[in-house]
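The block underneath contains the structure these notes are about, expressed in structure tokens.
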Amino acid sequence: MVTAIRTEVNTELFVRVAGRMNPVERSRLTRLLLVDPATRRSDFDRLKAPARAATLGKFKLRLAHLRELDALGATEHWLAGIPPAKIAHFVGGTRVVQAHGFHLRHLRVNAPVTRT
């Protein structure tokens, strides 16, 4: 029963967030998952890169990186009303899934968002 309730709550949150995105924003996020056959990396992989040692040049690169993240869309609007602990839980779940060899690029982002 707990699993069913958790699934229902999480699905409702995902539907709420997805419903706040316009088609351009969804397309932008979908493109992050496309894998370059030569490097076998996606833009999503690149965006997850941690900050390097602090130098002025690397700081400027990090600022550019943050601007690129901000350009993805109005994440504060998408996540409005979602408890911070729930957002952190989803992020943590993503890390666990990737650690077990499953990457987000395997998900069908263009699938219609429906509540089951």
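Bear in mind these aren't lab numbers, they're just calculated from the coordinates by the rules spelled out. This structure is a prediction, so every number in the text was calculated from the model and none was measured. Glycine also receives a Cβ, built like all others from the backbone with ideal geometry; neighbour counts cover every protein chain displayed.
General observations
- Potential lengthening of the chain between residue 4 and residue 59 amounts to 15.3 nm, from the contour at 0.36 nm per residue minus the alpha-carbon distance.
- For trypsin sites (Lys or Arg not before Pro), the sites in region 1-83 that DSSP calls loop and that have at most 13 other Cβ atoms within 10 Å are 40, 48, 52.
- Dipole magnitude of region 1-44 about its Cα centre (Cβ charges: Lys, Arg +1; Asp, Glu -1), debye to nearest 20: 100
- Here the Karplus relation 6.51 cos²θ - 1.76 cosθ + 1.60, evaluated at θ = phi - 60°, turns the backbone of region 50-57 into coupling constants of x, 5, 9, 3, 6, 9, 4, x Hz, with x for every Gly and Pro.
- The length gained by stretching the chain between residue 74 and residue 28 to full extension, at 0.36 nm per residue less their Cα-Cα distance, is 15.4 nm.
- Taking 7 Å steps out from each Cα toward its Cβ at residue 87 and residue 11 produces label points 2.5 nm apart.
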